[in-house]
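Some notes on the structure that comes next.
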Amino acid sequence: MCVRPLVLLVQYIRVIPTGTVHLSIGKHRYSWNKPQTTIHNIMIGRLWLDHDGDVVIHNHTNGEKAFVSFQGYKSQGSNFRRLKGCVKDTCGTERLVLEGNWQEGMQCYPPRIEEEAKTLWKSFPKPANSSRMFGYTKLGLHLNQFPSVIAGEAVCSTDSRLRPDQRLYEEGRVDDAGREKSRLEDKQRQARKHRDQNGVVWQPRWFAPQEDEFTKTTSHVYKGGYWAAKAKKEFPETPDLF
């Protein structure tokens, strides 16, 4: 009897966020959920993604809500990047219509009134070589930059820009980056094992868990201290991550 090997090709990954996003602007407090994201062609072909689900943005200060609907490729085809939504007041009356494209920009206009749409946001054009750098924007491409002009600046030893595997990968030394990544992961596992053996509970340095008064969900909130340490150029008791 001939037994053919089973080959499993996983062509996509679905990411389902479970937390809540919080934002404060002046006296206004906002919170919202995130849509599901599906990353396609993770094994073969060109990577691309789509979003699916309804996002509700709550203004906890005045009770207004915004509703934005993301619809994936399966239901919308080539129009899967389109966004539709609205803003409602505390009585549930629709005050604004929202339309746009999550990759390009978004506009709003009053319902049932002939008025020119107002641009809420518009994306900047990506760099010419963006397709060779995972589709990053200009901002994204600079997030890992560590120019010599700030070499004298006080930098915490846990700054992610100091990660050696990340730096090697950016320089194109893929094999070296892979080995360094394995070393770092093993080092972190050993550090966690040491804490467990000695009954040490890990405590975040700059953040503390706090329950939100509106959503009753728990998130880590900045508790202060980082910028003062940076001004003094002193970061005592910082763990050796790298």
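The values are calculated or read from the model by the stated rules, or taken from the named source; none is laboratory data. Just so it is clear, the model here is predicted, and its values are computed rather than measured. Heads up, the Cβs are rebuilt from the backbone with ideal geometry, glycines too, and the neighbour counts pull from every protein chain shown. Remember, those area values only see protein heavy atoms, side chains included, never the ligands or the DNA or RNA. Shrake-Rupley method; radii C 1.70, N 1.55, O 1.52, S 1.80 Å.
Every test in (1) outside any strand (DSSP E or B); (2) more than 19 Å from the chain's Cα centre (by Cα); (3) surrounded by 12 or more Cβ atoms within 10 Å (Cβ to Cβ) is passed by L98 save one, and that test is (1).
Pairs are defined by a Cβ separation below 7 Å, a sequence spacing of at least 6 or placement on different chains, a first member in the range 162-179 that is touching a residue at least 24 places away in the same chain (Cβ under 8 Å), and a second member that is outside any loop (DSSP other than H, G, I, E, B); the pairs so defined are P164/E180. Of the candidates M43, M133, the single residue that is in contact (Cβ under 8 Å) with a residue 24 or more places away in the chain, within 30 Å of Q11 (Cβ to Cβ) and not hydroxyl-bearing (S, T, Y) is M43. The residue that is most open to solvent (accessible area, probe 1.4 Å), counting only those in the range 151-189 that are at pLDDT below 95 and hydroxyl-bearing (S, T, Y), is Y169. Here's a check for you: in the range 40-88, which residue that is closer than 22 Å to T119 by Cβ and charged (D, E, K, R) is surrounded by the fewest Cβ atoms within 10 Å (Cβ to Cβ)? Taking the candidates together, the pick is K84. Here L139 meets each of (1) within 26 Å of L23 (Cα to Cα); (2) outside any helix (DSSP H, G or I) with one exception, condition (2). Among the residues making up the range 118-136, a single one is open to solvent by 90 Å² or more (accessible area, probe 1.4 Å), under 15 Å from E171 (Cα atoms) and part of a loop (DSSP other than H, G, I, E, B): F134.
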